[in-house]
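**Q** Okay, here's the structure, questions in a sec.
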Amino acid sequence: MESQNPEWAVEMLGITKRFPHVLANDNVTLRVKKNEVHALLGENGAGKSTLMSVLFGSYTPDSGVIKINQKEVHLKNPNDATALGIGMVHQHFKLVENYTVAENIVLGAEPKNRLGLLDLKKAKKEAQVLSDLYGLKVNPDEKIQDITVGMQQRVEILKVLYRKADIIIFDEPTAVLTPQEIDELMDIIRLLQKEGKTILLITHKLNEIKAVAERCSILRRGQMIDTVDVASTSEEKLAELMVGRAVNFHIEKAAPKIGATLLQVQNLSVQNSRGITAVDNLSLEVRAGEVLGIAGVDGNGQSEFVAALTGLAKPSSGKIIFKGKDITNLSVRQRIEMGMAHVSEDRKRFGLVAEFTVGENAALKNYYKEPFVKNKFFLDKEAMEKNGEELSAAFDIRGGEGGAESGAMSGGNQQKLIIARELSMGASLLIFAQPTRGLDVGAIEFIRKKIIAERDAGKAVLLVSFELDEIMNLCDRIATISKGKIVGTYAAGEVDERQIGMMMAGKSFEGVKS
């Protein structure tokens, strides 16, 4: 019988975990074989991260049994899990930014010298040995604040390996990585499996599951739906199991009805936080009734460009014209009042306030207007919460019921809340920066259809995305950015992914510019 299989590394039997207003895990049973890559798939808020947090000791289940290598265990905290060889690479890294790579790796389990003090030399040596062994290529002396997100993730992996984990949980590990870094991470997971590790991979991305996982368990609304063999299950079937219906990966759209030019960017230059030119003499325009996509590898000026457009950064030169008016020096609120909406790539810093409810976050940009004020001076919390409930129903936002803080929701539900707020404001120019990052396939389909609906309603849409399939599927025109410059703008259908990729890498492509 399956339940008596001696090869189980992890058995979670009948796990139930409740939070106020939310049943996160409902009698869930999960079994993972030794030395396999086992994917955990589900919609935003399906209970995946909660289940793995139970396994890592961060949460105590209300009921159920956990077995590690056929022995029942009781995990009171992550230290108990670590002692049993369980490690977790969190979606939001647990690193100290002003510490070095080596100091972060050994933090909490530091090698000591004869005086009982940190043996930094030994810490560096052990970090370097692990780095070399797994091909992770980190510099033990660099500070976390000075390395890329991809490198920070490698440090998180090395932290787990340093503690001799045999069972490693990856929680949405590719949510903030570039395509190249994602490929490198998949190679690292394969290597860890080759070294005898058991891997649990939480992800929304079906292609990643197909690339590295052998089996996949699917959660839906806190319940275990099925466990399938990955090799014999199509991406379409995985998506259907996850959301409970067929999912359309390609968004059908009619030919655009182009209107007036709403946004003109003229010779714009913007410096980054280090005073280096990130946007270099960039010009483009966005017209009503179209989606203009900005394609490029992360770090080529996209963030600084969007910050300048939305008033979060001041250009060093150039102009931004919106609806025929020079808005280069206008405030963020003035741009919002003119009809500019912005979905930020960094939802935690610029998208929402974690301590606020759904209703309060939904009213962040117009809290001073009707219907969110009464008697001209007081906020109407009831009106805010009613609006939040309506948006939650319309956009399937889960986890914010009963006045819960938005910071307690899953990242995908936070993203849907931000998009709901921006689309509900009636803006004529919509700026989307990585709008589907961290979303499940059902939510991605939903948001992409919303973007096309806004375009069909005559809105001007600027889409900045690292996902080439998203750019190719949604955009009417595609502008490719490299080193802060637009290296080519083409109508949809004039270029393919290979040619766009060449331009993203800074190579020239002979085509017809539009």
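**Q** In degrees between 0 and 90, to the nearest 10, how far off the longest principal axis of the chain does helix 149-162 point, with axes built from Cα atoms?
**A** Roughly 10 degrees, rounded to the nearest 10.
**Q** Cα-Cα pairs above 16 Å in region 351-405: how many percent? Don't jump to the answer; show the numbers that get you there.
**A** On the way: 542 of 1485 pairs.
Percent of Cα pairs beyond 16 Å in region 351-405: 36.
**Q** So, taking all protein chains as they sit and a 1.4 Å probe, how much accessible area belongs to residue 168, in Å² rounded to tens?
**A** The value for residue 168 is about 0 Å².
**Q** What residues qualify as long-range amide H neighbours of residue 225, i.e. H under 5 Å apart, gap of 5 or more or another chain, H built at 1.01 Å from N?
**A** 218, 219, 220
**Q** Select from region 76-151 those GluC sites (Glu not before Pro) which occupy a DSSP coil region and have at most 10 other Cβ atoms within 10 Å, ordered by residue number.
**A** On the way: sites: 97, 103, 126, 142; in loops: 97, 142.
Here no loop site has a sparse enough neighbourhood.
**Q** Under 18 Å from a label point 7 Å along Cα→Cβ of residue 122: give me every residue in region 74-114 with its amide N that close.
**A** Backbone N within reach: 102-114.
**Q** Which percent of the accessible area of region 118-226 is formed by carbon and sulfur heavy atoms (probe 1.4 angstrom)? Each step should come with its number before you reach the end.
**A** Details: 2270 of 4750 Å².
Answer for region 118-226 is 48 percent, counting heavy atoms of protein chains only.
**Q** With a 1.4 Å probe and all protein chains left in place, how much accessible area per residue does region 355-483 have, in Å²?
**A** Values: 4870 Å² over 129 residues.
That works out to 38 Å² per residue.
**Q** Please say if region 242-323 is rounded, prolate or oblate, where rounded means a/c under 1.5 for a ≥ b ≥ c the square roots of the C-alpha gyration tensor eigenvalues, and otherwise the choice is prolate for a/b larger than b/c and oblate otherwise? Please list the in-between numbers first.
**A** Numbers: a/c = 3.06, a/b = 1.55, b/c = 1.97.
Verdict is oblate for region 242-323.
**Q** State whether the chain is rounded, prolate or oblate according to the following rule on the C-alpha gyration tensor (a ≥ b ≥ c being the square roots of its eigenvalues): a/c under 1.5 gives rounded; otherwise a/b larger than b/c gives prolate, and the remaining case gives oblate. Could the numbers behind the result be given before it?
**A** On the way: a/c = 1.68, a/b = 1.44, b/c = 1.17.
Verdict is prolate for the chain.
**Q** Please work out, to two decimal places, the log10 of the ratio I(q)/I(0) at q = 0.09 Å⁻¹ from a Debye calculation in which every Cα of region 362-514 carries one identical scatterer.
**A** Log10 I(q)/I(0), no solvent term: -0.39.
**Q** Of 257/449; 143/205; 34/137; 34/197; 34/76; 164/197, which sit over 19 Å apart, Cα to Cα? Present the calculation step by step, with values, prior to reporting the outcome.
**A** Numbers: 257/449 17 Å; 143/205 31 Å; 34/137 27 Å; 34/197 8 Å; 34/76 23 Å; 164/197 10 Å.
From 257/449; 143/205; 34/137; 34/197; 34/76; 164/197, over 19 Å: 143/205; 34/137; 34/76.
**Q** Given the pairs 48/365; 314/365; 71/237; 67/94, which span a C-alpha to C-alpha distance of over 24 angstrom in this model? Before the final figure, lay out the partial values.
**A** Working: 48/365 32 Å; 314/365 21 Å; 71/237 34 Å; 67/94 26 Å.
Where the Cα-Cα span goes over 24 Å, the pairs concerned are 48/365; 71/237; 67/94.
**Q** Related question: In degrees, nearest 10, range 0 to 90: what is the angle between the Cα axis of helix 411-423 and the longest Cα principal axis of the chain?
**A** Here the helix axis deviates by roughly 10 degrees.
**Q** Could you order the peptides 71-77, 53-59, 381-387, 132-138 from most to least packed, using the average number of other C-beta atoms within 10 Å per residue? Intermediate results must be reported in sequence, preceding the final value.
**A** Details: 71-77: 12.1, 53-59: 21.3, 381-387: 17.0, 132-138: 14.3.
Result, highest mean Cβ count within 10 Å first: 53-59, 381-387, 132-138, 71-77.
**Q** Compute the projected area of the convex hull of the Cα atoms of region 1-124, averaged over all viewing directions, and report it in nm² to one decimal place.
**A** Working: hull surface 41.9 nm².
Average projection, Cα convex hull of region 1-124: 10.5 nm².
**Q** Can I ask one more? Compute, for residue 90, the solvent-accessible surface of its heavy atoms (probe 1.4 Å) with the complete set of protein chains present, and express it in square angstrom to the nearest 10.
**A** Its heavy atoms expose roughly 40 Å² to the probe.
**Q** Moving to a separate point now. At residue 255 and residue 316, where each label point lies 7 Å from the Cα along Cα→Cβ, what is the point-to-point distance in nanometres?
**A** According to this spin-label approximation, the distance is 4.4 nm.
**Q** Going by the alpha-carbon gyration tensor, a ≥ b ≥ c the square roots of its eigenvalues, is region 105-264 rounded (a/c under 1.5) or, if a/c is not under 1.5, prolate (a/b greater than b/c) versus oblate? Each step should come with its number before you reach the end.
**A** On the way: a/c = 2.97, a/b = 1.63, b/c = 1.81.
It is oblate, given that a/c is not under 1.5 and a/b is not larger than b/c.
**Q** Further question on the same structure: Considering only C-alpha atoms, what is the centroid distance from region 329-343 to region 58-100, in Å?
**A** Between the Cα centre of region 329-343 and that of region 58-100, the gap is 44 Å.
**Q** A further question on this structure: Carbon and sulfur atoms: what percent of the 1.4 Å accessible area of region 292-419 do they account for? Mind showing how you got there, number by number?
**A** Details: 3110 of 5950 Å².
C and S fraction of accessible area: 52 percent.
**Q** Net charge near residue 257: determine it from the other residues with C-beta under 11 Å of the C-beta of residue 257, scoring Lys and Arg +1 and Asp and Glu -1.
**A** Details: positive: 287, 455; negative: 290, 456, 476.
It works out to a net charge of -1.
The values are calculated or read from the model by the stated rules, or taken from the named source; none is laboratory data. None of these values were measured; they are calculated from a predicted model. FYI the Cβ positions are ideal-geometry reconstructions off the backbone, even for glycines, and counts take in every protein chain you see. We work out accessible area using only protein heavy atoms, side chains counted, and drop any ligands, DNA or RNA first. Shrake-Rupley method; radii C 1.70, N 1.55, O 1.52, S 1.80 Å.
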